[in-house]
Every structure is written in C-alpha cells, then in structure tokens.
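Here is the structure we will look at, set down as structure tokens.
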Amino acid sequence: MSKYERFFFIKENGDHRIMDSLTQIVLGAAVGEAVLGKKVGNKALLYGAVAGTIPDLDVLARFFTDTVSTLEIHRGFSHSIFFSILFAPVFGFLISRWERKHNTSWKDWSWLMFWGLLTHPILDAFTTWGTQLFWPFDLRLAFKNIFVIDPLYTLPFLICVVLVLFQKRIAPKRRKLNNTGLIMSTAYLMGTLILKGISYQKFVTTLENQKVAYTDLQTRPAPFNAILWTANVETEDAYLIGDYSFFDTQPIQFKRYPKNHQLLGALDKEDKVQRLIKISEGWYTIEEKEGNIFFNDLRFGLTSVDASSSQFVFSYQLIPSTEGLMVSEAPKFGTTDAKSLLAALWERIWGN
C-alpha cells in the first residue's frame, strides 16, 4: 500500500474507503444473486451488497478508542467465520420480517447473509493487511497477492453485476452474467497468486546474485495492478526494499533502511509499543526526527515509487506523557500531487 491509496481516501487501517468498499459491495451483490436471485430478483443483489459492507463497520472503532486499539480491532472479529455464523441468522431473521411478501424463509435470508458476510473477509485475506478469519485464534491470513484496489478485478465484475440488474428474475441470461462475473474475478485473483510466485522467485534470484544474506523476504503488489511488485527483505540490522515490474530490463535495485530499534530505549517496554510491533509482524524501523521518535510499519512500504523516498506510508509518533505513552499517526498527505504520483506509478509499471 502506498500514498496513492490516500488520494482515494483508502487506508487499510480503517479510514473511510471508497473503491475498496465498492469491490466488497460488488462481490456481496454477486454472492447474494447466486444464493437467492431466482426467488427475489434484485433484492438479492441489494441484501448481498449490504452483507458485503457490514464487516467493515469495524472502522467506527476509531471514534471510541485509541490508535493502537483501532489497528488491532480492524479486520478482527467482524471479519471472522465466527461473526458470519453468529450474525447471519440474526440479520436473516430481521430481513425475513421485513420482506414477508416474498416466498422466502428465514433460512433463505440467513444463508444469503452468511455467504455475503463470509466472502468479504475471504477476499480481504488476499490483501496485504489480511484478516483474522479464524478469530478468536491469533492468526492473521495475508496472502498479499492483490492490492486493496485493483481495477482489473473490480471493473469487469461490476459490469456483469450492473447488467444483471436489467435482466428478468428467472431469465437464464441473468444467472449466466452473474456467474461470468464471479468466474472472471476469481480467475484473476488466482492469477495474481501465480504472478506473485514468479516475482518472488525473481527477487530471490537477484538477492542470490548480489550475495545478500537475508533472514526473511515478503512481496506484495504495488497499487492498482499486479505487474509491479515490491519486496521487503530483512537482514541482520536493516531492511532492504526493492521493486520489480514484469517489463523491467534492468536489474532490481534495493535501498537499505536501518532498523534502529535501539532508538526506542526505555519505550521498548511500553505496552503500546509491543502491540505495534506485533501488529507490524516485526517489520518496523525506528526514526528520530527533530527529537521525536517515529515507529514505521514497513508492510505497506513507502509513499512513492521514487527510489529517493524515505517516507513510509504508516508512521506513528511515540509521545511520552504524564498519562502514559501516546501513539499518533503521522499527518496525512494532501492530494495536490496525486496526478504526478499516479503518473510516476504508471511509468514505473512499464519498466525501469
């Protein structure tokens, strides 16, 4: 994830998300249609879209708790199988009371809601942030093979769902269109896993050729595509970050970022710092700027594809106070240079 997301008000840690929500709405609508479309027509699309949106209501936690707790809550309980099983019957019952004129039962609506609620976190599990699908177990699934917004996943899917709206409830073409959208999106999602594997091997080969000793390597797609990939490489005292496009003609270059964990000093024992370390899965650096200490979460990379960039997307200032340690996310970027950043990304996708 990078600065480009912020220009569309998208953040994996819980800020309002437009395009990401659209993707989940489209998936939920298609799932609703597949489950109950023959019986209730477009109402299945509507309630499927609602189900696909509900898990992300966990973003409201930011209005009631601190930054670290909000990060922990996001994509937790509401994105679990347990949540789907627990609340699908509740929502199904409420809808059945409201939609009494349809020849449907409480079980029909519960089944629709279950699949709408469940497919949302399943899709999220393929992104960089991942999801606690098996909550309450402390396990976050993050396959990191698709960016939170990918037009090639969403747009063809959206077109199919929109076309479904204009078909009669029992028309064979209606189900064919919906199935086409589901098949295309799923095929693309699986295809990105293959692309991730190929790019991963490219990074491994490059590190071997450059004789870099490393302990861990993680890859993720750059914003809006599955052609440009970024790698985080852990070494003994630093992290290396590099990117690779399938159109590249020059060798991969890595930039080094010292861990600087010792800069935490006594803050290392603070509960909130330990929780941030756990949230970042250990991928973090510490920076000191003008006497202030910042915790950088490396999982989402830098704010630019420019090799000279040193600003991380998610950076938190650690502020000691008489009331305990405060954690404040670094100020958001503006949108004035969105066009140039997107242009730079587009150019980088097509090779170095």
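Which entries of Lys38/Lys107; Lys144/Lys278; Lys39/Lys144 show an alpha-carbon separation above 25 angstrom in the structure shown? Please list the in-between numbers first.
Numbers: Lys38/Lys107 15 Å; Lys144/Lys278 18 Å; Lys39/Lys144 37 Å.
From the list (Lys38/Lys107; Lys144/Lys278; Lys39/Lys144), the Cα-Cα distance tops 25 Å for Lys39/Lys144.
Where is the GNM fluctuation largest for the chain (alpha-carbon springs, 10 angstrom cutoff): Asp20, Asp297, Asp138?
Asp138
What aspartates and glutamates does Lys255 reach when the alpha-carbon gap must be under 18 Å and sequence neighbours fewer than 8 apart in one chain are set aside?
Glu208, Asp216, Glu234, Glu236, Asp237, Asp243, Glu287, Asp297, Asp306
Per residue, how much accessible area does segment 158-211 have with a 1.4 Å probe, in Å²?
Averaged over the residues of segment 158-211, the accessible area is 64 Å².
Evaluate E = 1/(1 + (r/R0)^6) for Thr205 and Leu139, where r is the Cβ-Cβ distance and R0 equals 41 Å; express this FRET efficiency to the nearest 0.05. All intermediate terms of the calculation are to be shown ahead of the outcome.
Working: r = 31 Å, r/R0 = 0.75.
It comes to 0.85.
Label-point separation (nm) for Trp346 and Arg275, each offset 7 Å from Cα along Cα-to-Cβ?
Between Trp346 and Arg275, the label points sit 4.2 nm apart.
Calculate the radius of gyration of the Cα atoms of segment 166-312 to one decimal place, then report Dmax, the largest Cα-Cα distance, as a whole number, both in Å.
According to the Cα coordinates of segment 166-312, Rg and Dmax are 20.5, 67 Å.
Give me the extension gain from Phe247 to Lys289: residue separation times 0.36 nm, minus the current Cα-Cα distance, reported in nm with one decimal. Provide the component values of the computation, followed by the final result.
Numbers: separation 42, 0.36 × 42 = 15.12 nm, distance 3.71 nm.
Length gained, Phe247 through Lys289: 11.4 nm.
How long, wide and thick is segment 90-227, going by the Cα atoms along their three principal axes, in whole angstroms, largest first?
Principal extents (Cα only, largest first): 69, 37, 19 Å.
Under 5 Å between amide H atoms, partner at least 5 residues away or on a different chain: which partners does Tyr284 have, H built in plane at 1.01 Å?
Leu298
Provide the net charge surrounding Ser199, with neighbours chosen by a C-beta distance below 12 Å and charges set as Lys +1, Arg +1, Asp -1, Glu -1.
Numbers: positive: Lys144, Lys196, Lys202, Arg220; negative: Asp243, Asp248.
With Lys, Arg at +1 and Asp, Glu at -1, the neighbours total +2.
Using 0.36 nm per residue, how much length does the chain from Asp66 to Met326 gain when fully extended, once their Cα-Cα distance is taken away? List each step's numbers first, then the result.
Values: separation 260, 0.36 × 260 = 93.60 nm, distance 0.87 nm.
Fully extending the segment from Asp66 to Met326 adds 92.7 nm.
Accessible area of the chain with a 1.4 Å probe: how many percent of it is carbon plus sulfur? It would help to have the intermediate numbers written out before the result.
On the way: 10770 of 16860 Å².
The nonpolar share, carbon plus sulfur, comes to 64 percent.
Top mean-square fluctuation among Lys176, Lys101, Lys168, Gaussian network model of the chain, C-alpha springs under 10 Å?
Highest fluctuation among the options: Lys101.
Out of residues 5 or more away from Gln311 or on other chains, whose amide H comes under 5 Å of its own, with H placed 1.01 Å from N in the peptide plane?
The list, which skips near neighbours in sequence, is Thr303.
Can you give the FRET efficiency to the nearest 0.05 for Ala213 and Ile319, using r as the Cβ-Cβ distance and R₀ = 41 Å?
Numbers: r = 36 Å, r/R0 = 0.88.
Once rounded, the FRET efficiency stands at 0.70.
So for the chain, what are the equivalent ellipsoid semi-axes in whole Å, largest first, each being the square root of 5 times an eigenvalue of the Cα gyration tensor?
Details: eigenvalues 298, 128, 54 Å².
Those come to 39, 25, 16 Å.
List the GluC sites (Glu not before Pro) within segment 220-272 that DSSP assigns to loop and that have no more than 15 neighbouring Cβ atoms inside 10 Å.
Working: sites: Glu234, Glu236, Glu270; in loops: Glu236, Glu270.
Taking segment 220-272 and a limit of 15 other Cβ atoms within 10 Å, the loop GluC sites (Glu not before Pro) found are Glu236.
Taking springs between alpha-carbon atoms closer than 10 angstrom, which of Glu72, Glu281, Glu290 fluctuates most in the Gaussian network model of the chain?
Glu290
Could you give the semi-axes, largest first, of the ellipsoid that matches segment 81-135, computed as the square roots of 5 times the alpha carbon gyration tensor eigenvalues and rounded to whole Å?
Details: eigenvalues 145, 20, 9 Å².
Each semi-axis is the square root of five times an eigenvalue, giving 27, 10, 7 Å.
Quick check on the chain: helices-only [θ] at 222 nm, where DSSP H runs of length 4 and up contribute -39,500 (n - 2.57) each and the sum goes over total residues. Nearest 500, please. Show your work: numbers first, answer last.
Values: 10 runs with 157 residues, N = 352.
Result for the chain: -14500 deg cm²/dmol, rounded to the nearest 500.
Express in Å², to the nearest 10, the accessible area of Val164 obtained by rolling a 1.4 Å probe over the protein heavy atoms while all chains stay in place.
Looks like 0 Å² after rounding.
With Cβ to Cβ distances under 9 Å as the rule, what net charge do the other residues near Ile241 carry (K, R +1; D, E -1)?
Working: positive: Lys255, Arg256; negative: Asp243.
Residues close to Ile241 contribute a combined charge of +1.
The values are calculated or read from the model by the stated rules, or taken from the named source; none is laboratory data. Predicted model, so just to flag it, every value in this text is computed and none were measured. We place every Cβ from the backbone using ideal geometry, glycine too, and count neighbours over all the protein chains shown. Areas reflect the complete protein model, heavy atoms only, side chains present, ligands, DNA and RNA absent. Shrake-Rupley method; radii C 1.70, N 1.55, O 1.52, S 1.80 Å.
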